[in-house]
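See below for the structure under consideration.
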Amino acid sequence: MSETPVDAEEVEHVAELARVDLAAEEVDAFTSQFAEILEYFEALDEVPEVESEDELVNVMRTDDVEASLDQEAALRNAEETEDGFFKGPRVS
């Protein structure tokens, strides 16, 4: 097994999947960068879990029935209507 969790072969494989051409210097740079990123994830694994209670608050307003436009008023500014409905352009 290699010393680092990521080797150049894995970086080249990921680059191939992403359809990215990398120079040898870029492969070396990404290899070390990926290893650093994985170290950060390992550090996150060491953070203890904390029990917390959900503090959810209903931020939704209640539904209140209010007067709305009648059909004639709603269709008044429509360019085209048909049988009491808005008429739009054909899609296909």
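Determine ³J(HN,Hα), in whole Hz, for all residues of region 44-61 in sequence, where each value follows from phi through the Karplus function 6.51 cos²θ - 1.76 cosθ + 1.60 and θ = phi - 60°; x replaces Gly and Pro.
Karplus values, whole Hz, x for Gly and Pro: 5, 5, 7, 6, x, 7, 10, 6, 9, 8, 5, 10, 7, 10, 6, 9, 8, 7.
Long-range amide H contacts for Thr81: which residues qualify at under 5 Å (H placed 1.01 Å from N, peptide plane, sequence gap of 5 or more or a different chain)?
Lys87
Using the charge dipole of the chain (Lys, Arg: +1 at Cβ; Asp, Glu: -1 at Cβ; taken about the Cα centre), state which of Ala78, Pro5, Val65 has its Cα farthest towards the positive end.
Ala78
Write down, largest first, the equivalent ellipsoid semi-axes of the chain in whole Å, where each equals the square root of 5 times an eigenvalue of the alpha-carbon gyration tensor. The partial results should precede the final answer.
Working: eigenvalues 691, 183, 14 Å².
Output for the chain: semi-axes of 59, 30, 8 Å.
Packing-wise, with mean Cβ within 10 Å as the measure, how do 51-64, 74-87 rank, highest first? Mind dumping the intermediate values first?
Values: 51-64: 5.4, 74-87: 10.4.
Going from most to least packed, we get 74-87, 51-64.
Rule-based calculations on the coordinates, nothing more; no lab input. Remember, predicted model here, so these are calculated numbers, not experimental data. Note that each Cβ is placed from the backbone with ideal geometry, even for glycine, and that neighbours are counted across all protein chains shown.
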